[in-house]
1. Tally the residues that are of a type in the set (A, V, I, L, M), assigned to a strand (DSSP E or B) and closer than 25 Å to THR151 by Cβ, restricting the search to the range 12-38.
2. Mind counting the residues in the range 64-88 that are touching a Gly at 6+ places or on another chain (Cβ under 8 Å) and over 29 Å from PRO29 (Cα atoms)?
3. What number of residues within the range 118-150 are at pLDDT 85 or above, more than 19 Å from ALA84 (Cα to Cα) and polar (S, T, N, Q)?
4. May I ask you to list pairs of residues, at least six apart or on different chains, whose Cβ atoms are under 6 Å apart, with the first in the range 68-93 being touching a residue at least 12 places away in the same chain (Cβ under 8 Å) and open to solvent by 70 Å² or more (accessible area, probe 1.4 Å) and the second being part of a loop (DSSP other than H, G, I, E, B) and among the hydroxyl-bearing types (Ser, Thr, Tyr)?
5. So in the range 38-67, with the set limited to residues that are without any contact (Cβ under 8 Å) to a residue 40 or more places away in the chain and of a type in the set (D, E, K, R), which one is least open to solvent (accessible area, probe 1.4 Å)?
6. Inside the range 80-183, counting only helices (runs of 4 or more DSSP H) that do not spill past its ends, which hold 3 or more residues that are of a type outside the set (A, V, I, L, M, F, W, C) and under 30 Å from LYS37 (Cα atoms)?
7. Against the conditions (1) at pLDDT 85 or above; (2) within 23 Å of the chain's Cα centre (by Cα); (3) open to solvent by 100 Å² or more (accessible area, probe 1.4 Å); (4) not aromatic (Phe, Trp, Tyr), where does LYS6 fall short? Just the number, please.
Amino acid sequence: MERLGKKKAELLNVVQFSNGRMRMEFKIPSRGLMGFKGQFLTDTRGTGIATFNFNGYEPYKGDIPGRVKGSLVSMEAGKVTAFALDTLQERGTLFVYPTLEVYQGMIVGENSRDNDLEVNPCKEKKLTNMRASGTDDAVKLQPPKIMDLETCLEWIQPDELIEVTPKSIRLRKKKLKIHERKK
């Protein structure tokens, strides 16, 4: 109920059933439903059932708040390395995996803070012929967050775009070069 309230929903009816289930009816703008399905399934641990019907057109109810976190933006083009992702996963949630081709200005993850951060997901490990303790630790990566089109539509900010191709869905900044974004 709290999450739907933020998306400008109005509670119309609540029915309690004897088996512990509830039926709640809401009236909500269709733009408030963007990205709701995944969030709803997570909140109900996959046991919730949601159905949607078009009710009609209504006056604009105001802005719906978007995300408050920034993005991790690639500053370099090339193939993503596991070594680079190992250090980047401390900064936020990643959308890419090793060996994926990225380009400058492509969004590779969500920053844990509210600002955008330029990162290098293509950085390779420096190779030397000297041995040192602790430098050859195994890389342990979290699985990347898979962004489908609906999640991307809810996630993007006004300075970001969604790139849809037959093989992938990618997020990027409108201005790809770092110095152009800072102006």
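The values are calculated or read from the model by the stated rules, or taken from the named source; none is laboratory data. Quick caveat, the model's predicted, so the values are computed rather than measured. Note: ideal-geometry Cβ built from the backbone for every residue, glycine included; neighbour counts use all protein chains shown. These accessible areas exclude ligands, DNA and RNA; they are computed on the full protein's heavy atoms, side chains included. Shrake-Rupley method; radii C 1.70, N 1.55, O 1.52, S 1.80 Å.
1. Start the filter on the range 12-38 by keeping residues that are of a type in the set (A, V, I, L, M), which leaves 12, 14-15, 22, 24, 28, 33-34.
Next, from what is left, pick out any that are assigned to a strand (DSSP E or B): 12, 14-15, 22, 24.
Going one step further and asking which of them are closer than 25 Å to THR151 by Cβ, we end up with 24.
Residues meeting the conditions: 1.
2. Residues flagged as touching a Gly at 6+ places or on another chain (Cβ under 8 Å) and over 29 Å from PRO29 (Cα atoms) within the range 64-88 amount to 4.
3. So the count comes out to 0.
4. These pairs meet every condition: LYS79/THR99.
5. Here is the first cut: in the range 38-67, the residues without any contact (Cβ under 8 Å) to a residue 40 or more places away in the chain are 39-42, 44-60, 63.
Going one step further and asking which of them are of a type in the set (D, E, K, R), we end up with 45, 58, 63.
Numbers: ARG45: 213, GLU58: 91, ASP63: 118 Å².
Among residues in the range 38-67 that are without any contact (Cβ under 8 Å) to a residue 40 or more places away in the chain and of a type in the set (D, E, K, R), the one least open to solvent (accessible area, probe 1.4 Å) is GLU58.
6. Values: elements: 82-88, 149-155, 178-182.
The qualifying helices (runs of 4 or more DSSP H) are 149-155.
7. Failed condition: (1).
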